[in-house]
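The structure under discussion appears below in the form of structure tokens.
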Amino acid sequence: MSIELFTAATPNGIKAAIALEELELPYTVQAIDLGSRAQKEDWFLAINPNGRIPAIIDHDNDDFAVFESGAILIYLARKAGRLLGEGADNESLVMQWLMFQMGGLGPMMGQANVFFRYAEEKIPYAIDRYQRETRRLLEVLDRRLGEVEYLAGDYSIADIANWSWARSHEWSGVSIYGLGHLDRWLQAIAARPAVQRGQAVPDSSATPEEKSKRAEQVIAGARNMLV
Ligand SMILES: N[C@@H](CCC(=O)N[C@@H](CS)C(=O)NCC(=O)O)C(=O)O
């Protein structure tokens with residue numbers, strides 16, 4: 001018995017795998033082919049009514065299903081009793097920076113990817129809007145990381161969530177030039193063995209560099225997904 005993870009090689013997808021690796025929770029993986037719209041099939045909608053990855057089923061907890069990557073990270077951290085911040089104030093800091101990613105960095109970078117990478121019609125206003133907002137949010141992270149080593153003080157699920165998006169800033173066409181604190185943090189987290197294992201789930205082609213090499217394939221899959 002273990003946790004079953006439904007995922008794909010995307011920023012939201014790798015978040016859950018990295019958390020499982022960091023928390024040393026046993027899990028199995030079901031790779032979801034987003035390009036062929038497996039996430040919209042009835043069997044998957046019964047697990048996640050929103051038809052998106054990631055999702056988990058905890059077979060140790062009466063097959064309890066969790067969707068939304070932020071909720072998954074909180075569920076897993078509670079289960080393992082780690083990476084959630086010690087005490088009410090520290091837990092609040094973890095939640096603040098986790099929500100910053102869920103409500104800000106992820107959606108803005110996601111839209112930057114859509115308009116800059118995937119859309120056939122290039123709309124300068126939309127590209128500029130989402131890239132500038134992404135850069136602004138990365139600057140917020142940089143300022144915070146000039147004050148603390150990790151976003152909530154100690155390493156936590158807030159770092160996992162934000163790192164999983166921020167690392168792919170080049171795919172969104174956004175430079176981190178001048179953001180030295182962010183760069184330091186990106187590299188420190190990238191060096192963690194659990195993060196390296198998690199970001200290779202469900203396949204090892206998850207790095208932005210590798211994605212760039214097979215960019216046409218990724219873009220075609222994304223266009224099919226966005227129909
Ligand atoms: N807020 C959701 C977003 C999930 C999401 O957008 N997942 C993307 C991959 S990163 C997806 O499944 N896209 C497929 C689709 O939109 O059909 C979460 O954080 O879990």
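Here, each number is a calculation from the coordinates, and none is a lab measurement. Please read all numbers here as calculations on a predicted model, not as lab measurements. Here the Cβ positions follow ideal geometry from the backbone for every residue, glycine too, while neighbour counts run over all protein chains shown.
Things to note:
- 23 Å Cα cut-off, lysine pairs counted over the chain (separation 8 or more, or different chains): 6
- DSSP bridge analysis restricted to the chain gives an antiparallel fraction near 65%, rounded to the nearest 5.
- For the chain, the pair-distance distribution built from all alpha carbon pairs, in bins 5 Å wide starting at 0, is 1, 7, 14, 19, 21, 17, 12, 6, 2, 0 percent.
- Sorted by Cβ neighbour density within 10 Å, fewest at the top, the residues HIS169, HIS181: HIS181, HIS169
- Proxy reagent accessibility, fewest Cβ within 10 Å first, across TYR118, TYR130: TYR118, TYR130
- Cα shape, the range 83-205, gyration tensor, a/c 1.5 rule: prolate
- Here's the picture: charge each Lys and Arg Cβ at +1 and each Asp and Glu Cβ at -1 in the chain, and of ILE3, LEU45, LEU34 the one pushed furthest to the positive end of that dipole is LEU34.
- Result for the chain in a Gaussian network model with C-alpha springs under 10 Å: among ASP58, ASP33, ASP89, the largest mean-square fluctuation is at ASP89.
- Alpha-carbon centroids, the range 41-85 and the range 138-201: separation in whole Å: 23 Å
- Across the chain, C-alpha contacts under 8 Å between residues 6 or more apart give a mean separation that, scaled by the residue count, equals a relative contact order of 28 percent.
- When the Gaussian network model of the chain links Cα atoms closer than 10 Å, the mean-square fluctuations of ASP62, ASP128, ASP183 top out at ASP62.
- Computed about the Cα centre, the dipole magnitude for the chain is approximately 760 debye when only Lys and Arg (+1) and Asp and Glu (-1) carry charge, each at its Cβ.
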